[in-house]
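*Asks:* Below is one structure. I have some questions about it.
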Amino acid sequence: MTEGNGCLIKRSMRLAGLRTSIALEAQFWAELDRIAYARHLSITALIVEINRERSPDTSLASAARVFALLNSPAAAQQLTPLWGGSARSDHPI
């Protein structure tokens with residue numbers, strides 16, 4: 001499987017002083033990079049924000065994927081949430 005076809009890419013970073021790794025598909029990393037750039041943040045700073053806001057029972061990788069989807073203009077237009085309403089709803093996932 002090639003990198004663009006769903007292969008996981010692992011990046012290491014320091015969160016709250018601890019070294020950690022997060023593995024995501026290339027498409028999610030690309031979207032997170034775009035969001036970080038638009039917000040004038042490093043990717044690590046964006047991941048720190050996601051980590052701070054996620055539920056304790058949600059993995060960091062899952063939280064990052066949901067964050068990328070909910071903050072992607074292209075993806076938001078194509079999403080049809082199961083709970084109805086807009087894709088950018090504040091409904092918990």
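*Asks:* For K10 and A30 in the same chain, what is the full-extension length gain: residue separation times 0.36 nm, less their Cα-Cα distance, in nm?
*Replies:* 5.9 nm
*Asks:* So, one more: Highest mean first, how do 45-52, 65-72 rank when packing is the count of other Cβ atoms within 10 Å averaged over residues?
*Replies:* Ranked from most to least packed, the peptides come out as 65-72, 45-52.
*Asks:* Additional query: Provide L18, L60 ordered by accessible surface of protein heavy atoms (probe 1.4 Å), highest first.
*Replies:* The ordering from most to least exposed comes out as L18, L60.
The values are calculated or read from the model by the stated rules, or taken from the named source; none is laboratory data. Only a predicted model underlies this, so the values are computations on that prediction, with no experimental measurement involved. Because the Cβ atoms are built from the backbone with ideal geometry, glycine has one as well, and the counts that use them run over all protein chains shown. Ligands, DNA and RNA are stripped out before the accessible areas are found, and what is left, the full protein with its side chains, is counted by its heavy atoms. Shrake-Rupley method; radii C 1.70, N 1.55, O 1.52, S 1.80 Å.
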